[in-house]
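Take a look at the structure below.
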Amino acid sequence: GAGVSQSPSNKVTEKGKDVELRCDPISGHTALYWYRQSLGQGLEFLIYFQGNSAPDKSGLPSDRFSAERTGGSVSTLTIQRTQQEDSAVYLCASRLERGGRNEQFFGPGTRLTVL
Amino acid sequence: GNSVTQMEGPVTLSEEAFLTINCTYTATGYPSLFWYVQYPGEGLQLLLKATKADDKGSNKGFEATYRKETTSFHLEKGSVQVSDSAVYFCALNNYGQNFVFGPGTRLSVLP
């Protein structure tokens with residue numbers, strides 16, 4: 001497909017377990033962003049990538065959160081030792097380039113539930 | 001820093017009513033401005049955008065004009081439909097920086 005895809009679409013896990021969320025951006029998009037959307041809330045910026053590097057990790061809530069991007073394409077967001085407050089929808093977006101006037105394209109999100 | 005403020009929701013309207021969702025921003029320079037929409041159970045999708053002052057973005061009957069003098073980008077639609085029920089996010093991007101999103105405004109349109 002031509003859009004941003006994310007997997008899994010839903011993830012239920014137990015408190016204390018690790019989870020990995022995957023994002024496949026639009027082919028050729030150099031910038032990739034992760035956001036978190038808690039129930040009824042706005043978007044909370046987590047991290048963005050330009051190519052494989054992450055110049056801005058300021059939004060990551062704690063050191064339990066990490067992300068990587070390989071080959072300038074797929075990105076993985078990892079949450080270690082999950083807590084109930086991590087429950088949210090995690091959204092990924094890609095953009096043709098960091099500069100310029102173009103928009104972000106969002107994936108459908110991964111709904112994470114921590115029991 | 002950059003910030004976006006939106007009117008608080010929820011906004012409830014009857015079908016065919018006129019819609020305005022206010023959005024104001026704070027930014028240096030000349031940011032690009034966007035409205036994204038999130039339909040129930042779906043991801044965010046771009047509704048419209050404007051990249052310079054006095055530009056008007058439009059799509060699906062929605063319009064917003066980039067007003068630099070009032071730092072606003074209010075979303076309007078002349079006649080809403082039930083299918084317009086969604087959450088609307090105003091956002092800005094300052095060239096080379098991250099996107100900043102408003103908190104979102106939930107719109108419910110009743111038949």
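The values are calculated or read from the model by the stated rules, or taken from the named source; none is laboratory data. Being a predicted model, the structure only gives us computed values, none of them experimental. Methodologically, a virtual Cβ is constructed for each residue, glycine included, from the backbone with ideal geometry; neighbour enumeration extends over all protein chains shown. Note: areas computed on protein heavy atoms with side chains; ligands, DNA, RNA excluded. Shrake-Rupley method; radii C 1.70, N 1.55, O 1.52, S 1.80 Å.
For residues in the stretch B:15-58 being open to solvent by less than 70 Å² (accessible area, probe 1.4 Å) and over 15 Å from the mean Cα position of the chain (by Cα), which is nearest to the other protein chains (Cβ to nearest Cβ)?
Taking the candidates together, the pick is B:43.
If the requirement is being surrounded by 14 or more Cβ atoms within 10 Å (Cβ to Cβ), in contact (Cβ under 8 Å) with a residue 24 or more places away in the chain, closer than 25 Å to residue B:46 by Cβ and in contact with a helix residue (DSSP H, G or I) (Cβ under 8 Å, 6 or more places away or on another chain), which of these qualifies: A:112, A:32?
Residue meeting the stated conditions: A:112.
Could you say whether any residue in the stretch A:64-73 is touching a residue at least 40 places away in the same chain (Cβ under 8 Å) and outside any strand (DSSP E or B)?
yes
Hey, any hits in the stretch A:96-115 for a residue that's within 22 Å of residue A:10 (Cα to Cα), among the hydrophobic types (A, V, I, L, M, F, W, C) and at the interface with chain B (Cβ under 9 Å from one of its Cβ atoms)?
Checked against the condition, which is being within 22 Å of residue A:10 (Cα to Cα), among the hydrophobic types (A, V, I, L, M, F, W, C) and at the interface with chain B (Cβ under 9 Å from one of its Cβ atoms), the stretch A:96-115 yields at least one hit.
Tell me, please, whether a residue that is surrounded by 14 or more Cβ atoms within 10 Å (Cβ to Cβ), modelled with pLDDT of 95 or more and part of a loop (DSSP other than H, G, I, E, B) can be found in the stretch A:85-94.
yes
Specify the residue that is nearest to the other protein chains (Cβ to nearest Cβ); the eligible residues are those in the stretch B:75-101 that are modelled with pLDDT of 90 or more, open to solvent by less than 60 Å² (accessible area, probe 1.4 Å) and part of a loop (DSSP other than H, G, I, E, B).
B:85
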